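First the structure, in the form of structure tokens, and then the observations on it.
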Amino acid sequence: LLLLFGFMRRSVIQRIKVLVNGTQAVREGDLDVSFQVSGRDELTELSSNVRSMVQDLREKMNEAKAKSDLASEEAKRANLAKEEATGAREKARVLADYQKHEVEGLSTILQRVAQGDLTAQYSASQGDGNTVEARESFMTIEQAMNTTLGVLGGLLSPLDGVRAADLP
């Protein structure tokens with residue numbers, strides 16, 4: 001009987017050691033550890049439950065990693081979009097500054113014309129790569145305005161020296 005008890009004790013202790021070693025490996029982060037306690041008792045059921053728990057944990061860790069990887073990719077895309085938006089905002093600022101400068105120049109020329117200076121000439125600024133299309137429009141305005149002022153100057157030059165009181 002003592003021999004049977006010693007054998008059973010040794011068998012239980014060995015099975016507990018297998019379970020302890022397996023759970024220790026999991027605790028240290030090894031979710032690929034393989035352990036199994038044979039038999040048909042509570043230790044076998046506990047071993048099976050721990051293995052199932054480790055499998056579930058492995059799946060949850062894989063899901064979490066996949067979601068983390070996806071979040072990292074989304075963050076990279078968001079940063080890229082932010083950089084693109086910052087670049088677009090800067091281009092828009094440069095364009096707005098260029099347009100403001102040109103409109104101020106046009107306003108100055110029109111004020112001079114309103115005061116009777118038909119020799120005033122408008123010249124569009126060079127701008128930069130962000131202002132190419134706007135510059136083309138201002139160059140069209142430049143050409144039209146300067147041509148119009150030239151025609152007006154030619155038409156009105158015979159009237160130089162004539163006072164408004166002398167006109168019918």
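The values are calculated or read from the model by the stated rules, or taken from the named source; none is laboratory data. Note that the structure is predicted; figures quoted are calculated from it, not measured. Heads up, the Cβs are rebuilt from the backbone with ideal geometry, glycines too, and the neighbour counts pull from every protein chain shown. Accessible surface is based on the protein model in full, side chains and every heavy atom, while ligands, DNA and RNA are left aside. Shrake-Rupley method; radii C 1.70, N 1.55, O 1.52, S 1.80 Å.
Quick notes
- Residue in the range 31-42 that is more than 28 Å from LEU152 (Cβ to Cβ), assigned to a helix (DSSP H, G or I) and more than 31 Å from the chain's Cα centre (by Cα) present: yes
- Test for GLU84: is it within 11 Å of the chain's Cα centre (by Cα), acidic (Asp, Glu) and more than 18 Å from GLN14 (Cβ to Cβ): yes
Yes or no, residue by residue, for (1) of a type in the set (Val, Ile, Thr); (2) out of contact with any Cys (no Cβ under 9 Å at 6 or more places or on another chain); (3) under 30 Å from LEU31 (Cβ atoms):
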site: SER68; (1), (2), (3): no, yes, yes
site: ASP128; (1), (2), (3): no, yes, no
site: VAL132; (1), (2), (3): yes, yes, no
site: MET145; (1), (2), (3): no, yes, no
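- Residues of the range 4-52 satisfying the condition of being out of contact with any Leu (no Cβ under 6 Å at 6 or more places or on another chain) and of a type in the set (Gly, Ala, Ser): GLY6, SER11, GLY22, ALA25, GLY29, SER34, SER38, GLY39, SER48, SER52
- Residues of the range 10-46 satisfying the condition of being polar (S, T, N, Q), loosely packed, with under 15 Cβ neighbours inside 10 Å and within 25 Å of MET61 (Cα to Cα): ASN21, GLN24, SER34, GLN36
- Among the residues of the range 118-155, those identified as among the aliphatic types (A, V, I, L, M) and either open to solvent by 60 Å² or more (accessible area, probe 1.4 Å) or in contact (Cβ under 8 Å) with a residue 12 or more places away in the chain (or both) are LEU118, ALA120, ALA124, VAL132, ALA134, MET139, ILE141, MET145, LEU149, VAL151, LEU152, LEU155.
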